[in-house]
Amino acid sequence: MTRRYSHALPLFTAVLTAPVLAQTVTIPENSLAIGLGLNSLDSYRFGRFTGITDDGPFAAVQLDWRSTPTASDAGYWSVTGRNLGLDTGGFTLDYGRSGRFRFFLRGDQLPHYRFEDGKTPFRGSGSALQTLPANWVGANSSAGLSTLDASLLPMQVDKQRQRLTTGLTMQLSDAWQFAGEYRHETKQGEETLGAIFGSTGGNPRGALLARPIDFETDTIELGLNRTGARSQYSFSYNAMLFSNHDASLSWQNPFNNPQWPSGASYRDGAFGQMALEPDTRSSQLQFSGAHTFDDGGRLSGSLSTTRLEQDDRFLPYSSALAAPVPLPRTDLAGRVDTLVASLNYSRTLSRRLLLRLRGNYTDCDNKTPQALNLRVAGDAANQADPLSINARRNRLYDLQTSRIEADLSLRLGGARRLAFGLGHESKDRSSVDVARTREDTGYLKYNFTAGSRANGWLKLSHAERDATAYDSTIPLRAGHNPDFIATLIGDELFENDPFLRRYHLTDRDRDELSSSVNFFPTDALAFSVLAKRSADDYPDSTVGLLDSRRRNLAFDLSLNPGTGWQASIYYALDDYLNRQAGYARSGGGNPTPFYPASVRLPGNAWRVKSTDQVSTTGLGIDWDLLDSRLQLGLDLSDADAVTTTESASSGLNRAPLPAVSTLIKNVSLTANYDLGSDRELQLNYYYEDLNSSDWALDGVTTNTLSNVLLPGNSSPAYNGHLLLVSYVLRLH
Amino acid sequence: MGCHLEKRSQLNLRSHHPLLEGLMTCTNCHNPHGSDTQSLLAKASINDTCTECHSEKRGPFLWEHEPVTDGCTNCHNPHGSTQSRLLSARPPFLCQTCHSDAFHPSTLYSGTGIPPAGAAQQMLGSSCTNCHSQVHGSNHPSGSRLTR
């Protein structure tokens, strides 16, 4: 008897990156597997989710040990370990008595290695305080930083998530059950973060740093459930506490600038400071229930209320310069209350007709107090005047969503079914350009089965979203001092192009046509096709997203002649297209206004078309040889993705952009050989060849930008081999 | 995956959650047995589902970014993307679908902004987030432009 593991050894997880997902690695129950492996490549990307980032040998252990079920004893226990000794290692302890209780303790790890080829002049990279070397020479731009090259140190970015979960379920009586779970998660490592200091003429000076990640999240879930013959209901409580052990990031300003006030430049020993994610806490109470009526109708619903709070102490306006006007508050006292209610009803109206009704209401109410903050732009600027654009009031984004849906399913003759559905959604928002959007949706779906040799479906759907009046002055009014707003006229009242229509707020027509057909010409052969096309149009947009198109086509063929081998092959082609428009408003100290339309210059209008083309091909073969003593599996895959961006304008300077591409090929081979006497030998081999290009990274060094220091990491390109041999011993 | 073949393709893209690597499963985010949400999400909303693991992005922040509050999928495709960080389109063009103020937000970015023709800080490195790095929200009193 064997058990399938989705969390197998890291090599096995690599195997799963092969496109043929049917192939998973099996290990026997009650067994101990000791594996020794070899990695050919020193690469963060190659080992980004496995944690095997260093070339050379590695070892991993996996364990499955469990009690033997007996007719006289309802108790059971199990101990499992996977990938022990590696970054992906985990374990599960399980103990219980059937029908009485179950207790478990589980540990999981999830690494994420991003890149290791970055460079930075900062000492303490990855920490909350980052400084420059003593011989640093400050300048107004990166070209003048004469000691930069000699100061560079390696910069890597990776994270490790570790989670410990424990839970208990108890059957309190025939009807009542208790369930409790507690999770403690830590996330540690680094992430990139742009750290900006000062500016001249709207051009900030800064550096992309490796910031520290040191998070803890504690979650507790408690539930009481009652299960009756016709009714089920539950009460639950959920709480989450998030803690960030680094409240801020401070870094030494690498730049000097004659326009900045005294005390703000490198020569003054100035430090910049950013606020990192604040500690938050949330608690939720929920009731849910369901009841089945005599006529077969079923009513279910839930009601939950959630409170989310945050009161971390604010940092000062500026760490470099004194701000004459103090902060309006010492902390946010942030609070968001969310109410969610849902009600569902379904009933079989006749032998052929099924009705489903669904309703959902969500009210997200931001009760955070508002205040006027006199910001300091960067750390090298004077504090804003209360009657200026830089005096900002925090906006509160409330969101109320109501949705109702109705579906009718009609069973036709010959195992065919026709379904029809309508829906309506209304969203009310505050502090944004549109107060309310309404969306009506409808679909028609036809399912068929042609004997045992074919089945499939065809679905057509349409949705129309309408927005109330689009008022681009609302965000500016909501986020600034009303006394300052009163001084503005005409074009000054917009903080965005007034002809822009933000795609999640404006009118939208959405059409989708999809179909899938499965053929089974013989018992050994199966063939599937999926085709899908969707289109989003934004009819009111003259600036912003104009339309999006999605096309997906996939073929699957599998062969299982029942003679000790099986094979499958698939091919998928996906196209994604976005078209957007813009209007360049720039140049000089008095650029041509956006508004009204009559003053706009046709030559300043531009369009961009972005296209993703993705093709994925996979082949998988499994063999069962030597009277099942030897099992072989081979997977090959090829995934090519190319992004192109084309621009057009009659009057603006522009040039073609090269394509961005990622080409991945991989091969995985697995072999299990039964040595007899409860022993097994497993061999796993994985090969990956990745080539990518990205104009944002390739050829870009630390000082390519004149105002922002970059890590200079490049897009990945490599080929790597991973080999693992495991000796498996059955436990008794 | 047998019925959601387009999702299988997305999971093979350069930026994806580690499902194919066996470190996550579909049920981390979806409840196949039924849910009150349209995509059978395991939690009450898209944001509640995402912040179950990305709790640091939950807020509330002093300066919120409205599309984030509205829904993570305004900018991210959780099943996979050709762009880094599961972004649904490439910056700066993604950002410019919502931001077109005077000067750099409204500028047409093209091959003139990359070497050897030029070096625009809105295109290279992390694009717009070279400076507007607190794109999920800022708690700094001077962070209204999501730069602090």
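Before moving on, here are some points about what is shown:
- Residue match in segment B:51-60 (condition: surrounded by 20 or more Cβ atoms within 10 Å (Cβ to Cβ), facing chain A (nearest Cβ under 7 Å), over 30 Å from residue A:339 (Cα atoms) and of a type in the set (Ser, Thr, Tyr)): no
- Among (1) within 12 Å of another protein chain (Cβ to nearest Cβ); (2) touching a residue at least 12 places away in the same chain (Cβ under 8 Å); (3) not in a strand (DSSP E or B) - the single one residue A:504 does not satisfy: (2)
- Test for residue A:500: is it closer than 30 Å to residue A:391 by Cα and touching a strand residue (DSSP E or B) at 6+ places or on another chain (Cβ under 8 Å): yes
- Looking at segment A:384-431, none of the strands (runs of 3 or more DSSP E) lying wholly inside it contains 3 or more residues that are touching a helix residue (DSSP H, G or I) at 6+ places or on another chain (Cβ under 7 Å).
- Filtering segment A:324-358 to residues that are more than 10 Å from every other protein chain (Cβ to nearest Cβ) and among the acidic types (Asp, Glu) leaves only A:337.
- Condition met for residue B:11 (more than 29 Å from residue A:426 (Cα to Cα), touching a residue at least 40 places away in the same chain (Cβ under 8 Å), of a type outside the set (Phe, Trp, Tyr) and out of contact with any Lys or Arg (no Cβ under 7 Å at 6 or more places or on another chain)): yes
- When residue A:150 is tested against (1) of a type in the set (A, V, I, L, M, F, W, C); (2) touching a residue at least 24 places away in the same chain (Cβ under 8 Å); (3) not in a strand (DSSP E or B), only condition (2) is not met.
- The single residue among A:711, A:658 that is farther than 24 Å from residue A:49 by Cα, within 14 Å of chain B (Cβ to nearest Cβ) and not in a strand (DSSP E or B) turns out to be A:658.
- Options A:219, A:192: the member that is in a strand (DSSP E or B), out of contact with any Ser or Thr (no Cβ under 8 Å at 6 or more places or on another chain) and under 30 Å from residue B:146 (Cα atoms): A:219
- Residues in segment B:10-60 that are under 23 Å from residue B:134 (Cα atoms) and of a type in the set (S, T, N, Q): 6 in all.
- All positions within segment A:551-570 that are at the interface with another protein chain (Cβ under 10 Å from one of its Cβ atoms) and surrounded by fewer than 17 Cβ atoms within 10 Å (Cβ to Cβ): A:551, A:555
- Residues of segment B:81-122 satisfying the condition of being under 27 Å from residue A:492 (Cβ atoms), more than 7 Å from chain A (Cβ to nearest Cβ) and in contact (Cβ under 8 Å) with a residue 24 or more places away in the chain: B:92, B:95, B:122
- Residues that are touching a Phe, Trp or Tyr at 6+ places or on another chain (Cβ under 9 Å), within 30 Å of residue A:713 (Cα to Cα) and surrounded by fewer than 19 Cβ atoms within 10 Å (Cβ to Cβ) within segment A:209-245 comprise A:216, A:245, listed in sequence order.
- Considering segment A:359-370, the residues that are in a loop (DSSP other than H, G, I, E, B) and more than 9 Å from every other protein chain (Cβ to nearest Cβ) include one that is farthest from residue A:274 (Cα to Cα), namely A:367.
- Residue check, residue A:206 free of Cβ contacts under 8 Å to residues at least 24 places away in the same chain and either closer than 30 Å to residue A:45 by Cβ or within 14 Å of chain B (Cβ to nearest Cβ) (or both): no
- Residue A:573 passes every criterion in (1) part of a strand (DSSP E or B); (2) facing chain B (nearest Cβ under 10 Å); (3) more than 19 Å from residue B:81 (Cα to Cα) apart from (3).
Rule-based calculations on the coordinates, nothing more; no lab input. None of the values given here were measured: they were computed from a predicted structure. Cβ coordinates were reconstructed from backbone atoms using ideal geometry, including for glycine residues, and neighbour counts include every protein chain displayed.
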